[in-house]
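J.: Just passing along the structure, written as structure tokens.
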Amino acid sequence: MFTKDFQIVRAKYDKFKQINRFVELVAQGVKDEGADTIRILDFGCGKSYLTFILYYYFAVRRGMKTEIIGYDLKADVVARCNEIAARYGYDGLRFEVADVTRDTLADTKIDMVVTLHACDTATDYALAYAINRKVKHIFSVPCCQHEVNLSIRKGGELDLLLEHGIIKERVCALLTDSIRAAVLEGAGYAVDVIEFVDFEHSPKNLMLRAVHTGKKRSGSREKAEALREQYGFKQSLLELIPKE
């Protein structure tokens, strides 16, 4: 993302803003914790700009014993990232080829799950992984929420919002993230939905920031399930995490 004289490449400026802000939010989220070790999973890591910077932040800047695993579908990208990690001597950073919707993932204690624009239901599978293991910290910026948009039908007071394609798309994206927040709250997480970066840097600019407290909030999930029943849509996280 930088030139040889450490100027930001113009074409990478939006990506720089996203990653810089993501790390700022992570730093704020863990600033009061006294742990000297951390284990993080990055779902849908892609070229792993974020993954490398997170590793640098925790391992180098904070001096913590750090382990990060990045999962992605593309074998060539994973191989390239492993090569770069080895070149920098980042022994606690590794990348694996995996389909997060099907494959067996890390079966060990994880402290944090991150996703930056994991596409469509990949975000739901990452959140389900975190919920099932009671991962303490979740930082998730969703992307490409097609599932509800493709399955929703008219059925009530919100029908007006489904009349026009662009409005329907945005409503369904917001509905998806609202449902994800509700499921997390019902599973014992304190959740914030925040603006991640300004819209000019990414139209997918909402972050779900969650901390496991064990205190389950009642009511939110029931409202989400009532909407699903009324409008007939499919939403993966509701299905992946059964109501207790």
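Here, each number is a calculation from the coordinates, and none is a lab measurement. Every value quoted in this text rests on a predicted model; they were computed, and no experiment measured them. Cβ placement follows ideal geometry from the backbone for every residue including glycine, while neighbour counts extend to all protein chains displayed.
J.: Which of the peptides 219-231, 64-76, 156-168 is most tightly packed, and how do the rest follow, going by the mean number of other Cβ atoms within 10 Å of each residue?
T.: Per-residue mean Cβ counts within 10 Å order the peptides as 64-76, 219-231, 156-168.
J.: OK, next. What is the distance in Å between the Cα centres of the range 21-38 and the range 57-98?
T.: 18
J.: Now, a different point. Ignoring solvent entirely, what values of log10 I(q)/I(0) come out of the Debye formula for the range 117-207 at 0.10, 0.14, 0.17, 0.23 Å⁻¹ when each Cα is a single scatterer?
T.: -0.28, -0.54, -0.78, -1.22
J.: Any chance you could run the full-extension gain for E83 through Y56? It's 0.36 nm times the residue separation minus the Cα-Cα distance, nm to one decimal.
T.: Length gained, E83 through Y56: 8.1 nm.
J.: Just the Cα atoms of the range 39-126: what Rg and Dmax do they give in Å?
T.: For the range 39-126, the Cα-based Rg and Dmax read 12.2, 35 Å.
J.: With r as the distance between the Cβ atoms of I194 and M64 and R0 = 25 Å, compute the FRET efficiency 1/(1 + (r/R0)^6) and round to 0.05.
T.: E(calc), rounded to 0.05, equals 0.50.
J.: Would you mind working out the magnitude of the charge dipole of the chain relative to its Cα centre, with +1 at each Lys and Arg C-beta and -1 at each Asp and Glu C-beta, to the nearest 20 Debye?
T.: My answer is approximately 380 debye.
J.: I'd like the projected area of the chain, averaged over all directions, using the convex hull of its alpha carbons. Report it in nm² with one decimal.
T.: One quarter of the hull surface, i.e. the mean projection, equals 14.2 nm².
J.: Out of the chymotrypsin sites (Phe, Trp or Tyr not before Pro) in the range 81-151, which ones are loop residues according to DSSP with at most 10 other C-beta atoms within 10 Å?
T.: Counting only loop positions with at most 10 other Cβ atoms within 10 Å, none of the chymotrypsin sites (Phe, Trp or Tyr not before Pro) in the range 81-151 qualifies.
J.: Whole-Hz Karplus ³J(HN,Hα) for the range 157-168, in order, using 6.51 cos²θ - 1.76 cosθ + 1.60 and θ = phi - 60°, x for Gly and Pro?
T.: 5, 8, 4, 4, 6, 9, 6, 10, x, 5, 5, 4
J.: Which whole-Hz ³J(HN,Hα) couplings does the range 222-236 yield from phi under the Karplus relation 6.51 cos²θ - 1.76 cosθ + 1.60, θ = phi - 60°, glycine and proline marked x?
T.: Listing the rounded values in order: 4, 5, 5, 5, 5, 5, 4, 5, 6, 9, x, 7, 9, 9, 5 Hz.
J.: Okay, moving on. By per-residue mean of other Cβ atoms within 10 Å, what is the highest-first order of 172-178, 23-29, 99-105?
T.: Those peptides, ordered most packed to least, come out 172-178, 23-29, 99-105.
J.: What does the helix-only formula give at 222 nm for the chain: each DSSP H stretch with n ≥ 4 adding -39500 (n - 2.57), the total divided by the residues, and the result rounded to the nearest 500 deg cm²/dmol?
T.: It lands at -11500 deg cm²/dmol.
J.: Using only alpha carbon pairs under 8 Å that are at least six residues apart, calculate the relative contact order of the range 6-107 and give it in whole percent.
T.: It comes to 23 percent, rounded to a whole number.
J.: Then there's this: Which one, G44, G63, A86, is farthest towards the positive end of the dipole of the range 39-101 when Lys and Arg carry +1 and Asp and Glu -1 on their Cβ?
T.: So the residue furthest toward the plus end is G63.
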